[in-house]
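Colleague: Once you've had a glance at the structure underneath, I'll fire off some questions.
The values are calculated or read from the model by the stated rules, or taken from the named source; none is laboratory data. All values reported here derive from a predicted model rather than from experimental measurement. Using ideal geometry, Cβ is built from the backbone for each residue, glycine included, and neighbour counts are taken over all protein chains shown.
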Amino acid sequence: MVSVPLSPRGRAFRPGYDAPSWREAVRGRFWKVAEAATTPFTPADYLDLFHPLRPGADLRGRVVSVVPETADAATIVIKPGADWAGHTPGQYVRIGIDIGGVRHWRAYSLTHGPRADGHISITVKAVPDGVVSTHLVRRSRPGTLVHLEQAAGDFVLPAAPGKLLFVTAGAGVTPIVGMLRNLFPVTDEGVVKLPRSRELDIVVLHVAPSRPDSIFIRNLEELDRSGSVRLLTRYTTTHGRLDLDELDALVPDLAERSTYACGPAGLLDALTEHHQRRGLPLQTEQFRVTTVVAGEGGTVSFAGGSTLEAPGDRPILDVAEEGGVLMPSGCRMGICFGCVLPMTSGAVRDLRNGEITVAVPGETDAAGVPIQTCISAAAGACTLDPR
């Protein structure tokens, strides 16, 4: 007796008509029907409303909790989407958040090692005039969705780190805390000394304006009390600015240690010069903030290599066309938004209301901030991608 395979409706399969291909065919037909039913949107647009963290979706995260650390800093705990690939302690993640209709991107260090619950965390300090940092610290709420990129960065420890010196200043403590929490987890019973961490010899030199301004100072002090690290604090209101000539006195075996430092540019530049002069190993991490100053007019650069000087009182579209640059547009035919282009860096001014739009590499959307060239004038040097 020969067994004949049946389809889900009880009919015999045709030769070569196996189950996987049948499922793919049904799935394809269903998706076409769904696309027709949801036009002008796509089925994925609706799935995003109900299951934004699903596999295959644009990588997002949902805020789980917001924990105050100091008066102007908070830890944001995030549940990442299913396609989050994980991270190594010390790495950072770029987070995109929509504010006023513009998606801003910022890079923040991850402040935990891999967690059992799969969550990730960043710690953000609200800086004066910081659009994103202030929004995250003051306005983030559980349930808020953010955009994510995969973790990146090479500010990580080697497999056998040996003797270490961590130098941190201000928010620069965040990647170091991520490393320390991975090496020395803290439970209700206290600091756990894992086998891989028992032989480590770590000195932490932490610089901050004062103890109340020190992010994670309680964590550092707990690690110090447990004997996991030796903590040296330098509060500028008490001790003044750190003098690197004092390093040898603070850390007598400095030459035997590998130094990892994260903090403001001034400290890192001075530390780099100090270690290079002495031939000492040093790895630094710094997120440099690019400041865009709006002005009147400027050089407009296009991805294809063309450049032109544009005044501050005329639309970029008109100036570019007069300069021989092929620009997309439908304005003169009544087709609005045909002239929209991504600005990857720089600033433009809306000629209707004077509003400034800024694109900062590494902060705003990597694909660029869309602008209407028919109503936007250069407000300084800017780069457009007319592809």
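Colleague: List the number of the failed condition for residue 89; all other conditions in (1) closer than 30 Å to residue 367 by Cα; (2) in a helix (DSSP H, G or I); (3) not charged (D, E, K, R) hold.
Modeller: Condition not satisfied by residue 89: (2).
Colleague: Quick one: which helices (runs of 4 or more DSSP H) lie wholly within the range 231-289 and hold at least 2 residues that are within 18 Å of residue 164 (Cβ to Cβ)?
Modeller: So the answer is 247-250, 265-278.
Colleague: For the range 100-148, give me the residue count where each residue is under 13 Å from the mean Cα position of the chain (by Cα), under 20 Å from residue 216 (Cβ atoms) and assigned to a strand (DSSP E or B).
Modeller: The total comes to 10.
Colleague: May I ask you to say which residue of 302, 287 is modelled with pLDDT of 85 or more and surrounded by 14 or more Cβ atoms within 10 Å (Cβ to Cβ)?
Modeller: One residue alone meets the criteria, 302.
Colleague: Now for a separate question. Cβ-Cβ below 8 Å, separation at least six or inter-chain, first residue in the range 142-160 and among the polar types (S, T, N, Q), second outside any strand (DSSP E or B): which pairs?
Modeller: 150/59; 150/84; 150/85
Colleague: Within the range 181-197, does at least one residue satisfy the condition of being within 27 Å of residue 246 (Cα to Cα) and either over 25 Å from the mean Cα position of the chain (by Cα) or not assigned by TED's automatic domain parsing to the domain that holds residue 133 (or both)?
Modeller: Among the residues of the range 181-197, not one is within 27 Å of residue 246 (Cα to Cα) and either over 25 Å from the mean Cα position of the chain (by Cα) or not assigned by TED's automatic domain parsing to the domain that holds residue 133 (or both), which makes the answer no.
Colleague: Inspect all residues belonging to the range 335-345 and state whether any of them is part of a strand (DSSP E or B), modelled with pLDDT under 85 and surrounded by 16 or more Cβ atoms within 10 Å (Cβ to Cβ).
Modeller: No.
Colleague: Then there is this: Which pairs turn up if I take residues in the range 226-247 that are closer than 20 Å to residue 259 by Cα and look for partners that are among the basic types (Lys, Arg) and modelled with pLDDT under 85 with beta carbon separation below 7 Å, at least 6 apart in sequence or on another chain?
Modeller: Pairs that qualify, where the first residue is closer than 20 Å to residue 259 by Cα and the partner is among the basic types (Lys, Arg) and modelled with pLDDT under 85, are 228/193.
Colleague: Additional query: For residues that are surrounded by 17 or more Cβ atoms within 10 Å (Cβ to Cβ) and polar (S, T, N, Q), scanning just the range 227-243, find the one that is farthest from residue 266 (Cα to Cα).
Modeller: The extreme case among them is 228.
Colleague: Taking into account only those residues within the range 198-226 that are among the basic types (Lys, Arg) and in a loop (DSSP other than H, G, I, E, B), which is farthest from the chain's Cα centre (by Cα)?
Modeller: The selected residue is 198.
Colleague: Continuing with the same structure: Residues that are more than 28 Å from the chain's Cα centre (by Cα) and surrounded by 14 or more Cβ atoms within 10 Å (Cβ to Cβ): does the range 253-260 have at least one?
Modeller: Taking every residue of the range 253-260 in turn, at least one turns out to be more than 28 Å from the chain's Cα centre (by Cα) and surrounded by 14 or more Cβ atoms within 10 Å (Cβ to Cβ).
Colleague: Right, another one. Regarding residue 214, is this residue among the hydroxyl-bearing types (Ser, Thr, Tyr), within 29 Å of residue 103 (Cα to Cα), surrounded by 14 or more Cβ atoms within 10 Å (Cβ to Cβ) and modelled with pLDDT under 95?
Modeller: no
Colleague: Could you tell me whether any residue of the range 312-324 is surrounded by 15 or more Cβ atoms within 10 Å (Cβ to Cβ), at pLDDT below 75 and not in a strand (DSSP E or B)?
Modeller: No: zero hits.
Colleague: Hey, another quick one. Can you name every residue in the range 366-386 that is within 25 Å of residue 149 (Cβ to Cβ) and surrounded by 20 or more Cβ atoms within 10 Å (Cβ to Cβ)?
Modeller: Result: 369, 371, 382, 384.
Colleague: Could you tell me which residue of the range 290-299 is surrounded by the most Cβ atoms within 10 Å (Cβ to Cβ), considering only residues that are in a loop (DSSP other than H, G, I, E, B) and modelled with pLDDT of 80 or more?
Modeller: So the residue we want is 297.
Colleague: Being touching a strand residue (DSSP E or B) at 6+ places or on another chain (Cβ under 7 Å) and farther than 22 Å from residue 96 by Cβ narrows it down to one of 385, 350, so name that one.
Modeller: Just one listed residue meets the conditions, 350.
Colleague: Here's a follow-up. Six or more apart or on different chains, Cβ atoms under 7 Å: show the pairs whose first residue is in the range 168-181 and farther than 15 Å from residue 76 by Cβ and whose second is part of a helix (DSSP H, G or I).
Modeller: Once the first residue is farther than 15 Å from residue 76 by Cβ and sits in the range 168-181, its partners that are part of a helix (DSSP H, G or I) give 168/176; 169/267; 180/223.
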